[in-house]
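K.L.:
To start, I am sharing the structure in question, which I have written as structure tokens.
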């Protein structure tokens, strides 16, 4: 929801299909394809691919962007592990507004989805 909302706030159209790998390009995010490649490398097991992805982000977007990307990746890694392991359900107030986004991204397949 935040990616979509921040895009709207900045007058950008964010293509969520690109974010989840269903379309090519940057998805309306500056450096989006590089960042998506970095995210894939972070969750993968190929150390060389990760090193190459880090270098690509650093070279194209700069050291601050690489630090930000690393911080976001680390935060998402922690947040979803906590949610999945504890079974934290989606806040009631966010169920309806996030329904289409959860469906498009396949989020409801995860253990931390709504639980009743």
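K.L.:
When 107, 79 are ordered from fewest to most other Cβ atoms inside 10 Å of their Cβ, what list results?
P.N.:
79, 107
K.L.:
Hey, another quick one. With a ≥ b ≥ c the root eigenvalues of the C-alpha gyration tensor of the range 25-112, is it rounded (a/c under 1.5), prolate (a/b larger than b/c) or oblate?
P.N.:
The shape class here is prolate.
K.L.:
So for the range 2-109, averaging the separation of alpha carbon pairs under 8 Å that are six or more residues apart and normalising by length, what relative contact order in percent results?
P.N.:
Worked out over the range 2-109, it gives 16 percent.
Coordinate-derived values only; no laboratory data. This is a predicted model, so every value here is computed, not measured. Counting neighbours? That spans all protein chains shown, and the Cβs are built from the backbone with ideal geometry, glycine included.
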